[in-house]
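The values are calculated or read from the model by the stated rules, or taken from the named source; none is laboratory data. These numbers were taken from a predicted model, which means no experiment stands behind them. So basically every Cβ, Gly included, is an ideal-geometry build from the backbone, and we count neighbours across all protein chains shown. Heavy atoms of the whole protein, side chains included, go into the accessibility calculation; ligands, DNA and RNA do not. Shrake-Rupley method; radii C 1.70, N 1.55, O 1.52, S 1.80 Å.
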Amino acid sequence: MTSVDAMVAALPKVSLHCHLIGSVAPATVLDLAAKHGVRLGRTAEELYDHGSYEDLGEFLRVLDVVGSLIRDADDFHRVAYESLTDGGAAHGVLYREIQLSPPGHPGVPYPTLLEGVLAGVRDAEADSDIRANLVVGICRERSGAEAVDLVETVAAHRKGTDGERVLGIGLDYAEVKGPPGLFVEAFRLAARHGLQRTAHSESGPPAHVLTLLDELGCSRVDHGYHVVDDPDITTRCVAEQVPFVCTPVSSDIGRYSGSGDGTHRRIAEMVDAGLRVCIDSDDPPMFGTDPSHDFRVLAQALGYRRDQLAAFTLNAVDACWLDDSEKAALRARVEALVAVTPDVPSAPSPEEGPR
Ligand SMILES: [Zn+2]
């Protein structure tokens, strides 16, 4: 193990931008397909062909295939559990707000999804050091009226066993097909129900960030790389310390944060501008990454070391939707773990080749 590997593995992480469907391990995809009698016609590795995801549409088709294989409460239990243990706690993730996509599981009643995921969360919390809550994503490729219906459904199921673990809503899928302004009514309804709000902005113009903040009432932004194209909006976001939850590997492949060449140019610009950046891994196995690897690529490409990477985690503590006392406890855990994490020199060493 290189020194950078040891550092990124030991650093604590707080995960605010990881999708349940996107975190299903390849072997689990095969098991679920066999269980439900679905012929995939290709191996899981062929399915997770991240080289093809420069086209967002191709990636979303893969997401649809995997989402359609998660059907009953046992399936949701399994994928939530594995995502939090092997895909989370094993990489030092202390806390995650899992992004769910009910529209990505056609025909599955929302209570079935919720029951299975919550059971998986409870078992993962019992078996590892991770804690988790839930975010329900609105599919922006559907109508505003459908979004309102989903928010009503979410609000109606927040009571009962662990239902209050659904802390808020998100907005995902292709931004070009569903600009944020179409979802103002759904987001205002969510606010009235006491739900927190976040939304994706990966490819849209900087003005979309203003829509998220001023019209959707988002307390944080998923991706948001184009904010740096507008100095005035950047200045405002710095002044207000708006959190941006960036995902280096998936966004580099998708050409949102760089040029697909591993430079992560926009993330560097955001950090240099003084924006409050958090780091997560989006759809880890689908993009050939994991929570440690997203830290590793920034360490290698941008020279970030322990204190900068730890700052990403501390930013995520501030940006998460836990209450103040839970945040204080989480912050104390993060700081204690950072203090015993080995740092490495800034100068690249010969053994730190690309993974
Ligand atoms: Zn995402």
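Data overview
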item	result
Selection count where residues are part of a helix (DSSP H, G or I), open to solvent by 10 Å² or more (accessible area, probe 1.4 Å), away from the ligand (no atom under 16 Å from the Cβ) and of a type in the set (G, A, S), scope the stretch 1-38	6
Residue count, the stretch 133-187 (criterion: within 26 Å of Y225 (Cβ to Cβ), more than 16 Å from the ligand (Cβ to nearest atom) and surrounded by fewer than 22 Cβ atoms within 10 Å (Cβ to Cβ))	8
Checklist (1) in contact with a His (Cβ under 7 Å, 6 or more places away or on another chain); (2) modelled with pLDDT of 95 or more applied to R276, failing item	(1)
Residue selected from the stretch 283-295 under the condition among the charged types (D, E, K, R) and open to solvent by less than 10 Å² (accessible area, probe 1.4 Å), by the criterion nearest to the ligand (Cβ to nearest atom)	D283
Qualifying positions in the stretch 270-287 - part of a loop (DSSP other than H, G, I, E, B) and closer than 22 Å to A10 by Cβ	D280, S281, P284
The stretch 217-226, residues that are open to solvent by less than 40 Å² (accessible area, probe 1.4 Å) and away from the ligand (no atom under 16 Å from the Cβ)	G217
Answer residue from the stretch 44-56, given it is surrounded by 12 or more Cβ atoms within 10 Å (Cβ to Cβ) and either more than 21 Å from V108 (Cβ to Cβ) or aromatic (F, W, Y) (or both) and is modelled with the highest pLDDT among those	Y48
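Residue-by-condition table, conditions (1) open to solvent by less than 10 Å² (accessible area, probe 1.4 Å); (2) touching a Pro at 6+ places or on another chain (Cβ under 7 Å); (3) in a strand (DSSP E or B); (4) within 14 Å of the ligand (Cβ to nearest atom):
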residue: A191; (1), (2), (3), (4): no, no, no, no
residue: G194; (1), (2), (3), (4): no, no, no, no
residue: H208; (1), (2), (3), (4): no, yes, no, no
residue: V228; (1), (2), (3), (4): no, no, no, no
residue: T235; (1), (2), (3), (4): no, no, no, no
residue: S250; (1), (2), (3), (4): yes, no, no, yes
residue: R255; (1), (2), (3), (4): no, no, no, no
residue: T263; (1), (2), (3), (4): no, no, no, no
residue: A268; (1), (2), (3), (4): no, no, no, no
